[in-house]
Amino acid sequence: MCVLCDRSDTTRPAPAAPTRRAVLGAMGALPWLGLSTLSGLAQARTPPKPDNVLLPDQAIARLMAGNERYISGKTRNRNLAATREALVRGQNPYACILSCADSRISPELCFDEERGDLFVTRVAGNYVTPDLLASLEYGVAVLKTPLIMVLGHTSCGAVSATVNALEKQAEFPGHIQTIVTALMPAVRAAAAKSTTGSLQQAATLENIRQNVQRLQEATPILSKAVQAGEVKVVGGLYELATGRVSAVV
């Protein structure tokens, strides 16, 4: 019998009970152990879509080329069955998109991409929430996505509501008010600046810029990846009238 399993052996001292510090330390390490393990497995396999293994600038160029096809109406034919088998075993999207939930904006369509190419998170007003930040961290740390784009759009209802809250003290029912609260810093900042356009337009751009910065500085994962040059975080504005995505700097 294995002596480690022989509970009748009374000559050996019983193992010491783990200290509270040791237990808490082990518990704290578990999530990061899991993240590291998942990342290692993802790297060990051949990526499901080899063409998606890109550098950050290459990822930006691919998004913009896809948007040009979308604007021109010369989008590619999609064979959804062709990649189904490859994507069963994993994913390696080349870009993460933080987009507004507006039904008129579809990142996969406006960048002329297929399933498995974009890791999309959406919320009305395209702003960073804890859950969306966690999702984007997963995209970068585990899926090794080299690019994050914060994608806003013209005539955004969430921004318009926030402008009304500032200028007319409008209030909104249910949890809609939480969106207004989240966007208010960008609207106030835009209002404080001297601009020739409408406050709606200025606030939309300011909101994109603030959330780009928020992601660039988000610790511990995204800020480290940005500093190492592994990831770029950029802003984009979708024009409803034309479908064009322009850079926001």
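The values are calculated or read from the model by the stated rules, or taken from the named source; none is laboratory data. The model shown is predicted, which means the values in this text are computed figures rather than measured ones. Methodologically, a virtual Cβ is constructed for each residue, glycine included, from the backbone with ideal geometry; neighbour enumeration extends over all protein chains shown.
A few points about this structure:
- Failed item in (1) under 17 Å from residue 122 (Cα atoms); (2) touching an Asp or Glu at 6+ places or on another chain (Cβ under 8 Å), with residue 151 passing the rest: (2)
- The criterion of being part of a loop (DSSP other than H, G, I, E, B), out of contact with any strand residue (DSSP E or B) (no Cβ under 6 Å at 6 or more places or on another chain), closer than 22 Å to residue 105 by Cα and of a type in the set (Ser, Thr, Tyr) does not hold for residue 160.
- Elements of type helices (runs of 4 or more DSSP H) in region 39-154, at least 3 residues being touching a strand residue (DSSP E or B) at 6+ places or on another chain (Cβ under 9 Å) and over 19 Å from residue 225 (Cβ atoms): 56-72, 107-110
Yes/no matrix, rows are residues, columns are (1) surrounded by fewer than 23 Cβ atoms within 10 Å (Cβ to Cβ); (2) touching a residue at least 60 places away in the same chain (Cβ under 8 Å):
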{"position": "69", "(1), (2)": "yes, no"}
{"position": "78", "(1), (2)": "yes, no"}
{"position": "82", "(1), (2)": "yes, no"}
{"position": "104", "(1), (2)": "yes, yes"}
{"position": "118", "(1), (2)": "no, no"}
{"position": "136", "(1), (2)": "no, yes"}
{"position": "168", "(1), (2)": "yes, no"}
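- Residue match in region 180-201 (condition: assigned by TED's automatic domain parsing to the domain that holds residue 130, under 27 Å from residue 134 (Cα atoms), surrounded by 16 or more Cβ atoms within 10 Å (Cβ to Cβ) and within 15 Å of the chain's Cα centre (by Cα)): no
- Screening residue 154 with (1) crowded, with 23+ Cβ neighbours inside 10 Å; (2) on the phi < 0 side of the Ramachandran plot; (3) polar (S, T, N, Q) gives one miss only, at (1).
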